[in-house]
Each structure stands twice: as structure tokens, then as C-alpha cells.
Amino acid sequence: MGERAREGLRAYRLIAAMWMRSTMMYRTSFALTMAGNLLVTGLDFATILLMFSRVDSLGGWSLPEVAFLYGLSATAFGFADLVLGSMDVLGTRIRDGSFDMLLVRPAPVLAQIGADHFALRRLGRVVQGAVVLGWALVSAGIDWTPAKVLLVPLMLGAGAAIFCALFVAGAAFQFLAQDAAEVQNSFTYGGTTLLQYPPTVFGKDFVRGVTFLLPLAFVNWVPAAYVLGRPYPLRLPAWAAWSPPLVAVVCCALAGLAWRAGLRAYRSTGS
Amino acid sequence: MSDTSDGTGRASHPAGEVFIEVDEVEKVFEVRRKTGFLKRERRQVRAVDALSFTVARGEMVGYIGPNGAGKSTTIKMLTGILTPSGGRLRVAGIDPARERTRLAHRIGVVFGQRTTLWWDLPLIDSYRLTHRMYRIPDARYRENLDRLVELLSLESLLDVPVRQLSLGQRMRGDIVAALLHDPDVLYLDEPTIGLDVISKAKVRDFLRELNTERGTTVLLTTHDLQDIEQLCSRVMVIDHGRLVYDGPLAGLHEVGESERTLVVDLERELPPIDMGASARVVKVEGPRQWLAFPASESAAPLVARIAAEYPLLDLSVREPDIETVIAAMLYPTGDTPRPPSERTTA
């Protein structure tokens, strides 16, 4: 298992480096898309700022607190998007037959398709999220304890892992339905937008559904409530704040199984 | 070809060790079709049906058949892309479906209509990636690269972005990429499709050399009968997922009674050329006449006779296309299709 993971990471690095070199063949285009990317993700947070120019709090959460939610979610998602964001090309690769060429190479297919169309411009979202998060950490008036200091990077790591798992699961789904790229995007991109708002602005049943059906809430709301010293969105026990790593491991395991099942289905049907 | 083929693929090859082993392999696809709003009809398609053959190390085999006959399904099973639904399959002693990555080090694959080269990067970059991904020892990589690039005359193109290469150059580039890691077997899917005459000749010369000098086993699918004629001592024909012929190309012509065409330009309009039983005129258009003669026979005596008896200006020989040969073999005129097992190619 460790051997395969090492092989996978190696293949990922090799292929991602090729895509970066390819992008650098068109420097102007790269600079423009990078700038555009920063601008669009920047506007994203601007909408929240705009809202706060009208109201003092959103569902009882202040601007720095919302910024904390936003920054965590955007950074975690940005990282996953940077690493695996192009996995939706799998459907295209299957349709045009180029996916077969990945199967005759001596490297794990997941790593090959994960690194496919690797785009450094996606770093923009990570940078922007990190800036907002940094500002929020300073100005949200957090009552810092060692536990909270430990929890923030843990949330980021677990969050990124959960989003990665969603990308992989979404890609696995494309083996079955090759036009599923849109379904996947509604889960991942839709998910990150949702998490940038405090849970109390949404209906209770909806929040319960999100908490238990999709583990996305663990990326943000529950541990964020703990860090900010606020009551939990649902009446969850105190230790729930520490569940993200566990949830992340479970998500990754499930995504791995889904991927293997998808790949097996492909290799037995050829479509 | 000294072996005895009985047309079912169970030919014995005493010359070398068995390298590819296909035994009663089948591949069944389940096709779902929308028949109503939510109703779906399930249908089973047998793409490969009880297919059996062996290929010895160092053989060069042409694998042909009509579109949808099961050619690419077979290649995909041999390369580990697809898992067979039944039967036994071994390449270099490896079960392709189970040990895909281990097999990858032993095989080279070129799909003619799909490049694996990096479009925007100089050709050499694709080779560097292969070097590292296959963990080819530095000395061997250098040696192989120099040799292959020289043989396929790509020296001046290594620093050119792949998107600027012509189709023929790209195909040669792809062949280099597939051979850098010294594979034991090379699968080629339509290696000469869309290439000009010179590129075709280069590719064929190279493949012949690769096979004789390095002993690389080659399995190629093609629509170009000349590929087979110039390269393969053995040809396998697949139709409806079954092997219907396995033997030398000449035998295929005999079985199918296929014909080549001699296009003759005479000095002036003349009545149809009379060559007795050895050829018949199929078309006359002014001074130009078309003569059909058995593909299994040499054109030389015929040409000599025409040149001696008629005022000849120019002539050319046209090969029958592969579909015609196969169709002629499968459904001989005036003959009801016989089961393939009854055919002999002795």
C-alpha cells in the first residue's frame, strides 16, 4: 500500500510538472488567467463584504467570524482544487478514448488522472482564502488556547482531504455516467459556497441533512463554532469539533473504494 | 511459414517460445439502450468469442478484420486495459488484467490515431517523461534514444513542439516513445493510417529492422494490405469475434481468390487485351485498360507478355483493399458461407 502510494505521488509529480511546463509555453495566457482567477475569487469575498455593509451580523455571526468560515473553507477547497481540480476531464478522456493510454503506463491511474491538466493558476484560490483566513484569525477576537491553535491546521488538512475525496468520488461516478462532471461540480463548488455562510441562515432540516448526509459541515461549522466559542449548529457533543480528521479518513477510504469500483466497471465494460 | 494452420488459430509454432497465449478468451459487453422514458433494454454483445491463438517470441503478426470485428477489444485485453469475461490470456507469462503495471514495462503500444506525445512541448520532453516514468536506466535510455531517433530520422525534430510536427513525424515520434523502455512486444493499431508514401516506407523499414535486429514481437492491426504484405509472415483474420483465418498472406489470397488490378496505358485505343486465363479485362477507357489477375500470382510474367505483344506506354499495379480480400474469403461468390473451421489454407 505504501509502495503504491509512493509510486502514485511520484507519477503525480512527474505529470503535474509536464502540465506546468506546457502552461509556461504560453506565458501571457498564464499570467492573464492567473490574474483573472485572483480577481474572480476576490469578488467572491467581496459579495460577503457587501452584505456586511448593510447589516452588522449574518445569523448572529460578525464579519470576522464569517471571514473565518470563508477563509477556512476557501483555503481547504482551494488546495483540493489545485491538487485534483481537473479530475472532471476523466469523462472526456473516456469518451475520446485517450483514457486507455493511461492504463498501459506503469503508474497508478488515479495519480495520472489526478495530475491531468494540472493548473497552477488554481493557486489563486488558496492564496485568497489564506489571506482572508489570516485576517480573520487576527481580528475575530478568538480566545486562543493550545487546543484551538492545534485545531485550525487540523481543520484545514481534514477539509482539504474531504474535498479531495469528493473530487475522487465524483470522478469515480464518471465511470458510470460520463456526463456526471456537472453533478460533481454541484457538490464540490456548491459545497464550498454553502460553507462560507453561517449555519443559522439555513433551515434546520437542511443543516441536519448537510451534517449527516454530506460530511462537508465537518470541514467548517462544528470546529469553527468551537474555535470561536459559539454554540454548535445542532446539539452535538463537545468532542464533535475534533471529528474532522476521522471524517476525512472515512471519506478518503470511501472515495478510494468508489474509485476502484469505477475503474473495475470500466475495465469490464470498456465504456 | 512451415507450420500447419488449420484456420482456427491452433497453429503450432515450433520456432520460438510462446509469448502471447490466448485460450478460449471471450469478452461480453452489456449494452443498455434507452427504449422509453425510463425503460432500458439490456442486450449482450459478444465482441470476442472463444478466441484462441498463440504468438511466438519474435513473430510479426498482422491482425485484421472488418470494423467492429473485435480487433481492438483483443488488443485492449492483451494490453490489460480490459478484463476478459472468460478464458485464459497470458503475455510474457503475465495475466494482463491482474498485473497491468507490471505488464506495462514489457509492452509498447502505439494507437495510430491518438498520440501520447505532449502537444505543446518539444518532442524530447515526452521522451524525458517516459525515461523517468518507466525508470529506464540513464545509459540505456541514451542509447535507445540515439538509436531510435537515428533510425526514424527525428534528430532535427527533438526540440520542435509536437503540435508543429506533421502526421508522419508524429507517428514516428510515437513509435520512439513506445520503444524507449525496450518492450518485448509492440502493439500497433493502424500505424500507417493517413501517412504519405515516404512516411509509410520509413515506418515499415523501421519495423522490419526492429523485428529482425532486436527480435521484438510485433502485433499490428491495419487497413493497409501492403503493411501486411511487406511486414508480416503471418496474418490472423477476425470476424464477429472469432478467428476465421490464421496463416500466411498468400494463403488468404488463395482462399478468398482475391484479385489485383493491372492498369495498362497503351499508345492508342485497342480492343481488350487477350491474356487467356491468366488475366481478364474488367474495364476499358480509351487507351487505358484494367486487367484483373489472381493476387497470389506474380505480376511480372503478365507484364512481360503485355509489353511484348502490345504498344505499352505505362502501367501500375493496384492491390486489393483489405475489406475486399476479407469479404472474398468470408463470402466467396456463388458459394454459401461455410463455417470457418472447414476452410483450409495448406
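The values are calculated or read from the model by the stated rules, or taken from the named source; none is laboratory data. Owing to the predicted nature of the structure, the values given are computational and were not obtained by experimental measurement. Here the Cβ is made from the backbone with ideal geometry for all residues, glycine too, and neighbour counts use every protein chain on show.
Test B:Val264 against the stated conditions and say whether it is of a type outside the set (Asp, Glu), surrounded by fewer than 18 Cβ atoms within 10 Å (Cβ to Cβ) and part of a strand (DSSP E or B).
Details: of a type outside the set (Asp, Glu): yes; surrounded by fewer than 18 Cβ atoms within 10 Å (Cβ to Cβ): no; part of a strand (DSSP E or B): yes.
Answer is no for this residue.
Restricting segment B:83-93 to residues that are buried (at least 18 other Cβ atoms within 10 Å of the Cβ) and closer than 12 Å to B:Phe29 by Cα, the residue that is nearest to the other protein chains (Cβ to nearest Cβ) is B:Thr83. Of the residues making up segment A:46-56, not a single one is away from chain B (no Cβ under 12 Å) and under 30 Å from B:Trp119 (Cα atoms).
Residue-by-condition table, conditions (1) within 12 Å of chain A (Cβ to nearest Cβ); (2) in contact with a helix residue (DSSP H, G or I) (Cβ under 7 Å, 6 or more places away or on another chain); (3) at pLDDT 95 or above:
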| residue | (1), (2), (3) |
| --- | --- |
| B:Tyr63 | no, yes, no |
| B:Pro66 | no, yes, no |
| B:Gly70 | yes, no, no |
| B:Ile81 | yes, yes, no |
| B:Asp95 | no, no, yes |
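Is one or more of the residues making up segment B:293-310 aliphatic (A, V, I, L, M) and assigned to a strand (DSSP E or B)? Walk me through how you get there before you give the answer.
Taking segment B:293-310 as the starting set, the residues that turn out to be aliphatic (A, V, I, L, M) are B:295, B:299-300, B:302-304, B:306-308.
Filter once more, so that each one left must be assigned to a strand (DSSP E or B): none.
Within segment B:293-310, none of the residues are aliphatic (A, V, I, L, M) and assigned to a strand (DSSP E or B).
Of the residues that make up segment B:34-48, is at least one charged (D, E, K, R), within 8 Å of chain A (Cβ to nearest Cβ) and without any contact (Cβ under 8 Å) to a residue 40 or more places away in the chain? Full working, then the answer.
The initial filter retains those residues of segment B:34-48 that are charged (D, E, K, R), namely B:34, B:39-43, B:46.
So of that shortlist, the ones also within 8 Å of chain A (Cβ to nearest Cβ) come out as none.
No, segment B:34-48 contains no residue that is charged (D, E, K, R), within 8 Å of chain A (Cβ to nearest Cβ) and without any contact (Cβ under 8 Å) to a residue 40 or more places away in the chain.
Filter segment A:81-105 down to the residues that are modelled with pLDDT of 90 or more and in contact with a Phe, Trp or Tyr (Cβ under 6 Å, 6 or more places away or on another chain) and list them by number. Answer for segment A:81-105, where residues must be modelled with pLDDT of 90 or more and in contact with a Phe, Trp or Tyr (Cβ under 6 Å, 6 or more places away or on another chain): just A:Leu84. The number of residues in segment B:188-211 being closer than 15 Å to B:Leu225 by Cβ and of a type in the set (Asp, Glu) comes to 1.
Taking segment B:112-123 as the region of interest, how many residues are buried (at least 17 other Cβ atoms within 10 Å of the Cβ), within 22 Å of A:His117 (Cα to Cα) and more than 7 Å from every other protein chain (Cβ to nearest Cβ)? Going through segment B:112-123 one residue at a time, the tally reaches 4.
Confirm whether A:Ser139 is polar (S, T, N, Q) and over 21 Å from the mean Cα position of the chain (by Cα). Against the criterion (polar (S, T, N, Q) and over 21 Å from the mean Cα position of the chain (by Cα)), A:Ser139 qualifies. I'd like to check something: does segment B:223-240 contain any residue that is in the same structural domain as B:Gly87 (by TED's automatic domain parsing), of a type in the set (A, V, I, L, M, F, W, C), more than 11 Å from the chain's Cα centre (by Cα) and within 26 Å of B:Arg46 (Cα to Cα)? Checked against the condition, which is being in the same structural domain as B:Gly87 (by TED's automatic domain parsing), of a type in the set (A, V, I, L, M, F, W, C), more than 11 Å from the chain's Cα centre (by Cα) and within 26 Å of B:Arg46 (Cα to Cα), segment B:223-240 yields at least one hit. Considering segment B:196-222, and only residues there that are among the polar types (S, T, N, Q) and over 15 Å from the mean Cα position of the chain (by Cα), the residue that is modelled with the lowest pLDDT turns out to be B:Ser199.
Among the criteria (1) outside any helix (DSSP H, G or I); (2) more than 9 Å from chain A (Cβ to nearest Cβ), the one B:Met77 does not fulfil is (1). If you go through segment B:142-154 and keep only what is in a helix (DSSP H, G or I) and either at pLDDT below 95 or under 11 Å from B:Val176 (Cα atoms) (or both), you end up with B:Asn144, B:Leu145, B:Asp146, B:Arg147, B:Leu148, B:Val149, B:Glu150, B:Leu151. Residues that are surrounded by fewer than 19 Cβ atoms within 10 Å (Cβ to Cβ), polar (S, T, N, Q) and within 14 Å of another protein chain (Cβ to nearest Cβ) do occur in segment A:85-98, at least one of them. Candidates are the residues of segment B:99-110 that are in contact (Cβ under 8 Å) with a residue 12 or more places away in the chain and either at the interface with chain A (Cβ under 7 Å from one of its Cβ atoms) or closer than 10 Å to B:Gly80 by Cβ (or both); the one that is surrounded by the fewest Cβ atoms within 10 Å (Cβ to Cβ) is B:Glu99. Screening A:Ser29 on (1) at pLDDT below 85; (2) more than 20 Å from A:Pro223 (Cα to Cα); (3) of a type outside the set (Lys, Arg) shows it passes everything except condition (1). Within segment A:13-38, can you find the residues that are surrounded by 13 or more Cβ atoms within 10 Å (Cβ to Cβ) and more than 11 Å from chain B (Cβ to nearest Cβ)? The answer is A:Ala16, A:Phe30, A:Thr33, A:Met34, A:Asn37, A:Leu38. Checking each residue in segment B:159-172 for being over 23 Å from the mean Cα position of the chain (by Cα) and part of a loop (DSSP other than H, G, I, E, B) picks out B:Asp159, B:Val160, B:Leu165. On the basis of being modelled with pLDDT under 65, crowded, with 18+ Cβ neighbours inside 10 Å and under 23 Å from the mean Cα position of the chain (by Cα), does B:Ala11 make the cut? Yes. Would you check if there is a residue in segment B:52-70 being among the β-branched types (Val, Ile, Thr) and closer than 19 Å to A:Leu103 by Cα? The answer is no; no qualifying residue exists. In segment B:124-158, the qualifying residues are those that are more than 14 Å from chain A (Cβ to nearest Cβ), buried (at least 18 other Cβ atoms within 10 Å of the Cβ) and not hydrophobic (A, V, I, L, M, F, W, C), and the one that is farthest from the chain's Cα centre (by Cα) is B:Tyr141. If the condition is being in a helix (DSSP H, G or I) and surrounded by 21 or more Cβ atoms within 10 Å (Cβ to Cβ), then segment B:206-242 contributes B:Leu207, B:Leu225, B:Asp227, B:Ile228, B:Leu231. Please work out which residue is farthest from the other protein chains (Cβ to nearest Cβ), limiting yourself to segment A:223-239 and to residues that are buried (at least 19 other Cβ atoms within 10 Å of the Cβ) and aliphatic (A, V, I, L, M). For segment A:223-239, the residue satisfying everything is A:Leu228. When B:Gly247 is tested against (1) small (Gly, Ala, Ser); (2) modelled with pLDDT of 85 or more; (3) surrounded by fewer than 21 Cβ atoms within 10 Å (Cβ to Cβ), just one condition goes unmet, and that condition is (3).
The rows are residues; the columns are (1) within 14 Å of chain B (Cβ to nearest Cβ); (2) surrounded by 16 or more Cβ atoms within 10 Å (Cβ to Cβ).
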{"site": "A:Asp100", "(1), (2)": "yes, yes"}
{"site": "A:Pro108", "(1), (2)": "yes, yes"}
{"site": "A:Asp116", "(1), (2)": "yes, yes"}
{"site": "A:Gln128", "(1), (2)": "no, yes"}
{"site": "A:Val132", "(1), (2)": "no, yes"}
{"site": "A:Trp144", "(1), (2)": "no, no"}
